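Since every read-out is calculated from the coordinates, none of them should be taken as a lab result. Small disclaimer: the values here were computed from a predicted structure and weren't measured. FYI the Cβ positions are ideal-geometry reconstructions off the backbone, even for glycines, and counts take in every protein chain you see.
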Amino acid sequence: MYLTSVASRKWMYSCFLSILYIGVFTSCQDGDSSGAVSIDAKPNIIVVITDDQGYGDLGHTGNPIIKTDALDKFSSEAVNLTNYHVGTTCAPTRAGLLTGRNCNRNGVWHTIMGASILNREEVTMADLLQENGYHTGMFGKWHLGDNHPFLPHERGFDEAFYHGGGGVGQTPDYWNNDYFDDTYFKNGIPEKRSGYCTDVWFDEAIKFIESNKEEPFFCYLSLNAPHGPYNVPEEYYNMYKDEDRIDETQKRFYGMITNIDDNFSRLMEKIESLGIAENTIVVFTTDNGTARGYTVNKASKEVLGYNAGMRGTKGSYYDGGHRVPFIIRWPKGGLSGGKSLDDLVAHVDVLPTFMGLTDHSFTVNKTMDGRDMSGYLLGKESATQRYLVTDTQRVPWPVKGKGSCVMDKSWRLIKGKELYNIDSDPGQEVDVSAQYPDKVAEMNAFYDSWWEDVIAETHFSVIDLGSADIDVLTCHDARTIDYYPPWNQQMIRTGKVMEPAPFSVNFVSTGKYRFSLRRWPAESGLALGASIDDGYPATLYTAANTNGVAMEFQKAYVVIEDQKVEVDVDNEAGAAIIEMEVEEGQTELLAYFQMMDGESCNAFYVDVERLD
């Protein structure tokens, strides 16, 4: 049963705080004891998570090309987890990190198609820290829902400054954002900012930290870089322009990472100058394997870049797709010194571990995949042996076994068939499943039990309509089946017809609603039938922008259960407007056009207003 308001959800969380944390883990092994350190004042927490940067995209992990001096220094002062794993793509990782629960449980098994929206009943790390007296802020990439009640300031963050969708320039983002001098959302309200996006996120985070230095805070600095499009300030491209060991795209990718590194240096200098560095937990991590830091030329077999000897990159079930850096420093709590720990840890462990480090008891009423690893980090206990699962779904509904990897410290079972020993074969070159059939059977038995528990929880998130002045649906979240919707603005510009697909929605009350079906978003000011002649070519350090191709529409339709309303379309207008009476409750909404040739095309944007 869904909670119907933020207030009622927060009431539940406040109840959690009075009860001892009970983490249920489905491997049938006992949980861990806490290793919390007694600290006079609650530690601040800063999490910096980058997008599409892999384990090998850092100097201290062996990359001979990349310039990451600040992060390399930070590594030498911190604790490094060298066997830390995440999802194989961005939104699933962020959902797991913030909830302690695998993405297939919490509604985020994809990055689009209505499957990148964190289920409303999930309890987030920000919820729990907020209830424990922390001021909470997030900056950058959210990617866990662009509508009510899924926005970051509805999920435990007091302050949120972010872009739309899964990246700058994606369909839910503010129109024409391109990393430079863009318009972002501050607690849902558009605000224009000057400067490069990564610089802006750090600027906003630093302002938040300065404002809250006298009280415990949680700063979630969730970057979109170095995700494509690979746009970077020219001076950072120039750092790599003469490098012949990487290609032109990699030069921009590496430049984006060095820009992150410079901003990370600025962040660390700020907490030092404020006198809060000793009692601040700082984490640097990433959300999946490298997207562009390592390539192999198909024709010449030439290797470009570096991947720390791993097989696979972003999206892969091999370690190169999900083994990423995790560096944590907390001088006052004993997390320092540059040591490395090689037991299995995962993104789902972060929430319970933070609760352990901050001596914060809580309970949940759902299965937790993560465990409190604070005692292991602090050297007080060994890491409990267990199995964990990561996978690559990227489909309308999770499929058992698809892109799966079952892990323990030393073993990887891929898709239920291939078995690798990471201790002797870190590159996963030799499948030893035939030599160890009992290990394969044991790991498959765990996966079968785990999957049965997971899929029983799986469900789509449902978007509320009528709770705001205007709710904007974008085709990014339409529930397509066998095709991807136009998930970025460059795809919107091409004018390619999109097969109609429904949205899962909940009308919060019965009444009359207005639906404005659009080809272009309202802030563009463009008419339905307009073309756009503002394209420009790529430069050495930025991607191209395509012109917008005109489309002509004949009719518009809204379908809700047994109601179907149509209107003729004026292609000189900004939207086709349909008004209809709607009953309260959960349903599917279909909003589409009929083209002049009779073909049907989903509305790319739908504004929904409750009129009475």
Report summary line: Taking segment 469-502 and keeping only residues that are touching an Asp or Glu at 6+ places or on another chain (Cβ under 7 Å) and among the aromatic types (Phe, Trp, Tyr), one is left with Tyr483
Query - Those residues of segment 363-386 which are over 18 Å from Tyr84 (Cβ atoms) and crowded, with 22+ Cβ neighbours inside 10 Å, in sequence order - result: none
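Name the strands (runs of 3 or more DSSP E) wholly inside segment 51-166 in which the number of residues that are surrounded by fewer than 24 Cβ atoms within 10 Å (Cβ to Cβ) and β-branched (Val, Ile, Thr) is 3 or more.
Details: elements: 79-81, 135-141, 159-163.
It comes to none.
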Requested in this report: Would you check if Ile463 is surrounded by 16 or more Cβ atoms within 10 Å (Cβ to Cβ), within 27 Å of the chain's Cα centre (by Cα) and under 30 Å from Leu589 (Cα atoms)?
Outcome: yes
Query - Candidates Leu540, Leu517 - the one that is aliphatic (A, V, I, L, M) and closer than 24 Å to Asn147 by Cβ - result: Leu517
Query raised in the report: Are any residues in segment 187-213 surrounded by 15 or more Cβ atoms within 10 Å (Cβ to Cβ) and assigned to a strand (DSSP E or B), and if so, which ones?
Result: Tyr196
Query - Failed item, numbered, when Val48 is tested on (1) touching a Gly at 6+ places or on another chain (Cβ under 9 Å); (2) over 15 Å from Tyr254 (Cα atoms); (3) of a type in the set (A, V, I, L, M, F, W, C) - result: (1)
